[in-house]
Amino acid sequence: MKLVRYGPKGKERPGLLDAEGRLRDLSGVVPDIQGPVLKRLLPRLTRLNPTRLPLVPGRPRLGPCVGGVGKFVCIGLNYKDHAEETGAAYPKEPVVFLKATSAISGPYDPIVIPRGSQKTDWEVELGVVIGRTARYISEAEALEYVAGYCVVNDVSERAFQLERGGQWDKGKSCDSFGPIGPYLVTRDEVPDPQNLRLWLEVDGRRYQNGHTREMIFSVAQLVSYVSQFMSLHPGDIIATGTPAGVGLGQKPEPVYLRPGQVVRLGVEGLGEQRHRVVAEED
Ligand SMILES: NC(=O)N[C@@H](O)C(=O)O
């Protein structure tokens, strides 16, 4: 099932795409697609007949595919080719950092270049949405705690991240730096999260072309690993790292986003995002 949230920013309603790709309203079934609701909704989905749900007229904006996200956990350097392009050593254990949830935006919302930024960059990633509270879980059971998957762009300001001291979070958390969606694709539709192509283009030029089989730490390993350090709750998201081809890694010189450019990215079976790049208004 492809779950969506549609409508104006901050007033999104729950919906789903039916077999013909038409948008249906889910608000008679659940108030939103988020944490505790997600936990209740998932078992009911198999019994739901989408053709009985009201069709949504027009083409409303799609918002972030999960609302009220409690934690946006990110994994760094999880693809060898990306670690190499940034000159970093391969991690011996997953590199974990947090992106502020205020960075979350919709799949077609603009990417806003923050004030003072010269180095705003892109990162296509497979996003994992947690469906059940996970604490000290094993790798073998980890995928049972996953509600589904979505496309994530881990937008990053490299100077804020790498040149301004401290940890990475400052360069990862600016408003609009966490587009998620268009869909939350439920786990039953993604039999193997390690078998998905992922790609990203800027103005039609393909920069990233990766595959989740190249991850250093698999989705199951990551969910289990993170759960050893913090409890994961329904609606929490783990962004699983990016393959090679980010702007920072371009040769002979890095390439960064400029206002007016268009970024498109996708993960096989999970849909595509499209963002216009704009400057922050003073
Ligand atoms: N370099 C960097 O920020 N990397 C990551 O976020 C990543 O590997 O996904």
query = So which residues in the range 24-59 are crowded, with 16+ Cβ neighbours inside 10 Å and under 23 Å from Arg274 (Cβ atoms), if there are any at all?
reply = Arg24, Ile33, Val56
note = Selection from the range 5-18 of residues closer than 14 Å to Pro54 by Cα and either among the charged types (D, E, K, R) or loosely packed, with under 11 Cβ neighbours inside 10 Å (or both) yields Arg13, Asp18
query = For the range 148-184, which residues satisfy the criterion of being surrounded by fewer than 24 Cβ atoms within 10 Å (Cβ to Cβ) and more than 16 Å from the ligand (Cβ to nearest atom)?
reply = Asp175, Ser176
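Matching residues to (1) assigned by TED's automatic domain parsing to the domain that holds Val202; (2) in contact (Cβ under 8 Å) with a residue 40 or more places away in the chain; (3) more than 12 Å from the chain's Cα centre (by Cα); (4) under 21 Å from Leu200 (Cα atoms):
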position	(1), (2), (3), (4)
Tyr79	yes, yes, yes, yes
Leu98	yes, yes, yes, no
Arg132	yes, yes, yes, no
Asp154	yes, yes, no, yes
query = Within the range 54-61, is even one residue within 19 Å of the chain's Cα centre (by Cα) and in contact (Cβ under 8 Å) with a residue 12 or more places away in the chain?
reply = yes
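Does Arg5 satisfy being part of a strand (DSSP E or B), modelled with pLDDT of 95 or more and more than 18 Å from the chain's Cα centre (by Cα)? Spell out the reasoning first.
Working: part of a strand (DSSP E or B): yes; modelled with pLDDT of 95 or more: yes; more than 18 Å from the chain's Cα centre (by Cα): no.
Spelling it out, it is not the case that Arg5 is part of a strand (DSSP E or B), modelled with pLDDT of 95 or more and more than 18 Å from the chain's Cα centre (by Cα).
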task = With the checklist (1) assigned to a loop (DSSP other than H, G, I, E, B); (2) surrounded by fewer than 21 Cβ atoms within 10 Å (Cβ to Cβ); (3) more than 16 Å from the ligand (Cβ to nearest atom); (4) at negative phi in hand, flag the one item Pro64 doesn't pass.
result = (2)
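The values are calculated or read from the model by the stated rules, or taken from the named source; none is laboratory data. Model, not experiment: these values are computed from the prediction. In this analysis, Cβ positions are derived from the backbone assuming ideal geometry, glycine residues included, and neighbour counts consider all displayed protein chains.
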